[in-house]
1. Here is a list of conditions, (1) more than 18 Å from V135 (Cβ to Cβ); (2) without any contact (Cβ under 8 Å) to a residue 40 or more places away in the chain; (3) assigned to a loop (DSSP other than H, G, I, E, B), and P151 meets all of them except one; can you say which number that is?
2. Out of the stretch 199-242, which residues are without any contact (Cβ under 8 Å) to a residue 40 or more places away in the chain and over 30 Å from Q21 (Cα atoms)?
3. Against the condition buried (at least 16 other Cβ atoms within 10 Å of the Cβ) and either modelled with pLDDT of 95 or more or of a type in the set (F, W, Y) (or both), how does A96 come out, does it pass?
4. Within the stretch 163-185, is even one residue in a strand (DSSP E or B) and either touching a residue at least 12 places away in the same chain (Cβ under 8 Å) or loosely packed, with under 14 Cβ neighbours inside 10 Å (or both)?
5. Specify which of the listed residues (I103, I155, I208) is under 29 Å from C75 (Cβ atoms), buried (at least 20 other Cβ atoms within 10 Å of the Cβ) and either within 12 Å of the ligand (Cβ to nearest atom) or hydrophobic (A, V, I, L, M, F, W, C) (or both).
6. If you check V113 against the conditions, is it buried (at least 23 other Cβ atoms within 10 Å of the Cβ), away from the ligand (no atom under 13 Å from the Cβ), hydrophobic (A, V, I, L, M, F, W, C) and assigned to a helix (DSSP H, G or I)?
7. Test L138 against the criterion of being more than 30 Å from A31 (Cα to Cα) and within 16 Å of the ligand (Cβ to nearest atom), and give yes or no.
8. Which numbered condition in (1) in contact with a Lys or Arg (Cβ under 8 Å, 6 or more places away or on another chain); (2) surrounded by fewer than 22 Cβ atoms within 10 Å (Cβ to Cβ); (3) within 18 Å of L188 (Cα to Cα) is the only one that A146 fails?
Amino acid sequence: MTISIGILGASGRMGRMLVRQVIDDPQCTLAGATVREGSPYIDQNLTDIVGLPASTAVPSAAIVTVSAEKLLGNCDVAIDFTRPEVSVHHAYVAAAMGKPLVIGTTGFTQEQVGMLNDAGNHVPLVVAANMSVGVNLLLALVEQAAGRLDPAYDIEIVEMHHKHKIDAPSGTALALGEAAARGRGVALKAKAVYDRKGAQGPRRKGDIGFAVLRGGDVVGEHNVIFAADGERLELGHKSSDRRIFASGAVYAAKWVVQQGPGCYSMKDVLGF
Ligand code: NAD
C-alpha cells in the first residue's frame, strides 16, 4: 500500500525538492501539486516545474492546480512549505476536509500559531520549523545543556541563511531559543534579545541573544554558544542540502496519516 502525497506550493525551493522526494520514494505516490494563482507554471507539466527530465515517471493522475481543496481531495496527506498566511489557510481547508497535513513553513505570528493549534483540534497536523533529524537532535541537546549549565553561561544563538530568506531570526533559531529557555526553566519571551545597536550597556545575566546573517546560497547554519569566563561550549548544525528537510517532511507525512487529531512536532514524529 503506498501513501498518496500532495505538495502545496510546488514551485518554491522546498516544493521542487519535495516533488522529487515523493517521486523517488517507493512507499509514496505523487497525487499532484498546487501553484499560486497567476503562476506561470499553471497548466504546465510537473516535470517542467521541478526541472526534472520529461522522461521522469510522474504518475499520469498527478494534477497541477491552484486549488488546495482540489489537491487535498485527491491525496491521503499533503505537505506545505509556502508562506505563513497561506499555510494557515491550508490548515483550515485540511481541517474542513479531514485531511492530515505536514507544515514546514516558518515565520508564524503567535496568533497564527493559535490558528494552527485550532485546526489541529480537527485533523492531525505536523508543524515543524526544521524537519532535519540532526536539528531535532540538536534541540534536545541544547535543552539538556541549558538545564545543566548555570546562568553564568551566556547563551547566544547565531544563524545564517541564503539571501532570499524572508523571516528572521529563522524558525529554527527561535526553536533553539525555546529549547534553551525550557532547559533553564524560563520563558524565552522574557529573556530574548533580538537587536543590539548603540550603547546597550553590559549584557544582562540570563539573556538569550540572537544574531542573524544572510547571504549567498547558504541552506541553513545554526550555532548555540554557551559562553562563560574561561570556556565556551558550542553546539551547532550545518545543512548543505535541502533534501534533508524534504526527506524529513515525507517521513512526517507517512507518520501523520496514522495519528488522530492534534498539532504535532518533529519531536513526536521522531520519538525523541
Ligand atoms: P520559496 O519562496 O522558494 O517557496 C515558497 C513557494 O510558495 C513559492 O513558490 C510560492 O509561489 C508558493 N506559494 C505561495 N502562495 C501559494 C499558494 N497560495 N498556493 C500555492 N503555492 C503558493 O521558499 P522556500 O525556500 O521553499 O521556503 C518555504 C518555507 O519553508 C519558508 O517559510 C522557509 O523558511 C521554510 N523552510 C522550512 C524548512 C523546514 O525544515 N521546516 C526548511 C526549509 C525552508
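The values are calculated or read from the model by the stated rules, or taken from the named source; none is laboratory data. All values derive from a computational prediction rather than experimental measurement. Here Cβ is always computed from backbone atoms with ideal geometry, including for glycine, and neighbour counts include all displayed protein chains.
1. (2)
2. Residues satisfying the conditions are A199, Q200, G201, P202, R204, G230, E231, R232, E234.
3. Numbers: buried (at least 16 other Cβ atoms within 10 Å of the Cβ): no; either modelled with pLDDT of 95 or more or of a type in the set (F, W, Y) (or both): yes.
Here the answer is no, as A96 does not meet what is asked.
4. The answer is no; no qualifying residue exists.
5. Sole residue among the options that is under 29 Å from C75 (Cβ atoms), buried (at least 20 other Cβ atoms within 10 Å of the Cβ) and either within 12 Å of the ligand (Cβ to nearest atom) or hydrophobic (A, V, I, L, M, F, W, C) (or both): I103.
6. For V113, the condition - buried (at least 23 other Cβ atoms within 10 Å of the Cβ), away from the ligand (no atom under 13 Å from the Cβ), hydrophobic (A, V, I, L, M, F, W, C) and assigned to a helix (DSSP H, G or I) - is not met.
7. So L138 fits the description; yes.
8. For A146, the failing item is (2).
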